[in-house]
Amino acid sequence: MARFVDIHPVDPQPRLIQQVANILREGGLAAFPTDACYTLGARLGDPAAKQRIVDIRRLDDRHHFTLMCADFSQMGQFVQVDNTVFRAVKATTPGSYTFILPATKEVPRRLLHPRKKTVGVRIPDSPIAHALLAEMGEPLLTSTLLLPGEDEPLGYGWEVKERLDHVVDVVIDGDQTGCEPTTVVDFSAGQVEVVREGSGDPAPFQ
């Protein structure tokens, strides 16, 4: 049964954030709200937790996992960013965007797109997500909490708890989030392509 933790959406309680981080450090899987919608999150170096995300969402090996990062400096350790991309991404972060970029050698091979050697990265505009990232001291491996066969991600903590009680270890309730996933922008082919329009305004990339 998943633990249900009520965390303030604007001023997250450090004690509760630390409790969630400890669950992740012990190999747990968390569901938590972001500036877009709920996401599944685990430690970057935890292959078993990654497989749990795959099983919950029934993902194939072409799925782009997202490294949720605290800031631009952290993001730069895991993806290759030239000056043009840097300016475009910097202007829209933090925010409800996921960027597909060529990965550096810091990214475990199992997390890469098998053909493109790319990975998704994002810097959320969410106090809860930022507090959790700061406590962890490293990016989180994440995937939108969109269940198989459904059109919208989950947007309420109680709903996540009810639906995923026996497959995640902790659910953060931080008030309602949006029910739209991030806007996904792919820079990996040398040009800009908006591959999914979501909660982030796609206009800057069109």
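With contacts defined as alpha carbon pairs under 8 Å and 6 or more residues apart, what's the relative contact order of region 1-119 in percent?
Details: 98 pairs, mean separation 23.1, N = 119.
Relative contact order of region 1-119: 19 percent.
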For H166, H113, ascending order of other Cβ atoms within 10 Å (fewest first) is H166, H113
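How much length is gained on full extension from L59 to T84, taking 0.36 nm per residue of separation minus their Cα-Cα distance?
Working: separation 25, 0.36 × 25 = 9.00 nm, distance 3.18 nm.
Result: 5.8 nm gained on full extension.
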Residue list for region 20-63, given a label point 7 angstrom along the Cα-to-Cβ vector of R3 and an amide N cut-off under 12 Å = 20-30
Least to most buried among R115, R3 (fewest other Cβ within 10 Å first) = R115, R3
What does the helix-only formula give at 222 nm for the chain: each DSSP H stretch with n ≥ 4 adding -39500 (n - 2.57), the total divided by the residues, and the result rounded to the nearest 500 deg cm²/dmol?
-> -7000 deg cm²/dmol
GNM on the chain, C-alpha springs below 10 Å: top fluctuator among A88, A131, A103?
-> A88
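Fewest Cβ neighbours within 10 Å first, please rank R122, R196 accordingly.
Details: R122 29, R196 15.
With the sparsest Cβ surroundings first, the list reads R196, R122.
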Distance between region 130-145 and region 67-81 - C-alpha centres, whole angstrom = 12
The relative contact order of region 3-205, taking Cα pairs under 8 Å that sit 6 or more residues apart, comes to a percentage of 33
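Every number in this text was worked out from the coordinates using simple rules, so none of it is lab data. Given the structure is predicted, the values throughout are model-derived calculations rather than measurements. No Cβ is skipped: glycine too gets one built from the backbone with ideal geometry, and neighbour counts run over all protein chains shown.
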